[in-house]
Amino acid sequence: MKLCISLDLPSAEENLALVEKIKDYDVWLKVGFRSYIRDGKTFLEDLKAINPSFKIFLDLKLYDIPNTMADAAEEISNFGLVDMFNVHASAGKNAMTTVMNRIKDIPNRPLVLAVTALTSFDNESFKKIYNEDITSKARAFAIDTYESGIDGVVSSAFESLDIKNNTNKSFITLCPGIRPFGEDAGDQKRVADLKFAKENLVDFIVVGRPIYKNENPESIVKRILENI
Ligand code: C5P
């Protein structure tokens with residue numbers, strides 16, 4: 001299991017200061033809308049400059065018509081800076097297949113994940129859009145994703161095992177909403193701890209606030225890695 005740290009602080013300077021503190025650890029860094037829209041590709045270069053062995057997950061959740069998604073995927077892959085990015089499974093199998101066909105021959109292409117159901121949905125609001133319960137629809141999305149040649153999914157830790165059982169054990173699950181040692185959930189609805197994530201074969205845990213709000217981010221990163 002790998003630790004992926006969300007860089008969700010309000011400025012590039014604060015995110016880079018956080019990364020400086022944990023630069024000697026084997027972790028992934030998640031760059032989302034806020035940082036990428038504001039700080040762009042330069043920010044990715046700044047992260048790699050701190051430690052070239054950091055792995056970068058660009059969390060832009062692509063969703064558009066197949067050709068436009070594939071164009072974006074190709075640009076991201078050609079950066080040579082991004083180790084993993086994601087798309088929405090609800091864009092459909094055609095879109096996911098088009099993305100994978102476009103980037104398959106790019107040397108060292110990034111891993112690609114697809115978002116199943118956003119963890120901000122409760123079952124009722126999810127059903128209004130998809131006419132189905134979250135668990136069964138997340139499973140169906142995961143199967144579509146797997147059949148499209150995508151490397152894995154973004155899901156909650158509660159779906160990780162079910163998704164692996166219905167696809168393949170090597171199919172990647174990346175799970176946000178992790179509170180490693182039972183920290184405050186904040187606005188997350190369905191949180192899991194490190195033990196639960198391990199038992200459910202989660203490949204990547206995404207942790208934001210429990211690390212960057214901690215007075216000593218290095219100590220919590222060290223403790224998580226010791227317990228992984
Ligand atoms: O601070 P916290 O650990 O809750 O951060 C979780 C991170 O994972 C945030 O960057 C959030 O945007 C992201 N995320 C999520 N749920 C999803 C997809 C992404 O919490 N379904």
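Figures for the structure shown
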| quantity | calculated |
| --- | --- |
| Residue check, ALA185 small (Gly, Ala, Ser), surrounded by fewer than 21 Cβ atoms within 10 Å (Cβ to Cβ) and either closer than 23 Å to VAL99 by Cβ or in contact (Cβ under 8 Å) with a residue 40 or more places away in the chain (or both) | no |
| Any hit, the range 59-67, residues being away from the ligand (no atom under 16 Å from the Cβ) and either acidic (Asp, Glu) or touching a strand residue (DSSP E or B) at 6+ places or on another chain (Cβ under 9 Å) (or both) | yes |
| When residues of the range 11-44 are limited to those that are open to solvent by 50 Å² or more (accessible area, probe 1.4 Å), in contact with a helix residue (DSSP H, G or I) (Cβ under 8 Å, 6 or more places away or on another chain) and part of a loop (DSSP other than H, G, I, E, B), the one farthest from LYS61 (Cα to Cα) | LYS23 |
| Hits in the range 109-140 (condition: among the hydrophobic types (A, V, I, L, M, F, W, C) and farther than 14 Å from ASN165 by Cα) | LEU111, VAL112, LEU113, ALA114, VAL115, ALA117, LEU118, PHE121, PHE126, ILE129, ILE134 |
| Total residues in the range 15-56, condition touching a residue at least 60 places away in the same chain (Cβ under 8 Å) and of a type outside the set (Val, Ile, Thr) | 6 |
| Qualifying residues in the range 61-83 (those that are open to solvent by less than 30 Å² (accessible area, probe 1.4 Å) and closer than 23 Å to GLU14 by Cα) - the one nearest to the chain's Cα centre (by Cα) | VAL82 |
| Residue check for THR135: more than 16 Å from MET84 (Cα to Cα) and part of a loop (DSSP other than H, G, I, E, B) | no |
| The range 131-178, residues that are more than 15 Å from the ligand (Cβ to nearest atom), surrounded by fewer than 24 Cβ atoms within 10 Å (Cβ to Cβ) and either touching a residue at least 40 places away in the same chain (Cβ under 8 Å) or at positive phi (or both) | ASN131, ASP144, GLU147, SER148, GLY149, ASP151, LEU161 |
| ASN94 being open to solvent by 10 Å² or more (accessible area, probe 1.4 Å) and either modelled with pLDDT of 95 or more or assigned to a helix (DSSP H, G or I) (or both) | yes |
| Of all residues in the range 69-84 being part of a helix (DSSP H, G or I) and out of contact with any helix residue (DSSP H, G or I) (no Cβ under 7 Å at 6 or more places or on another chain), the one that is farthest from PHE43 (Cα to Cα) | ASP71 |
| Condition check for ASP203: touching a Leu at 6+ places or on another chain (Cβ under 9 Å), open to solvent by 10 Å² or more (accessible area, probe 1.4 Å) and within 16 Å of the ligand (Cβ to nearest atom) | yes |
| Flag if LYS195 is open to solvent by 60 Å² or more (accessible area, probe 1.4 Å), without any contact (Cβ under 8 Å) to a residue 40 or more places away in the chain and away from the ligand (no atom under 16 Å from the Cβ) | yes |
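The values are calculated or read from the model by the stated rules, or taken from the named source; none is laboratory data. Just so it is clear, the model here is predicted, and its values are computed rather than measured. Please note: Cβ atoms are built from the backbone with ideal geometry, for glycine as well, and neighbour counts cover all protein chains shown. SASA here: full protein model, heavy atoms, side chains in, ligands and nucleic acids out. Shrake-Rupley method; radii C 1.70, N 1.55, O 1.52, S 1.80 Å.
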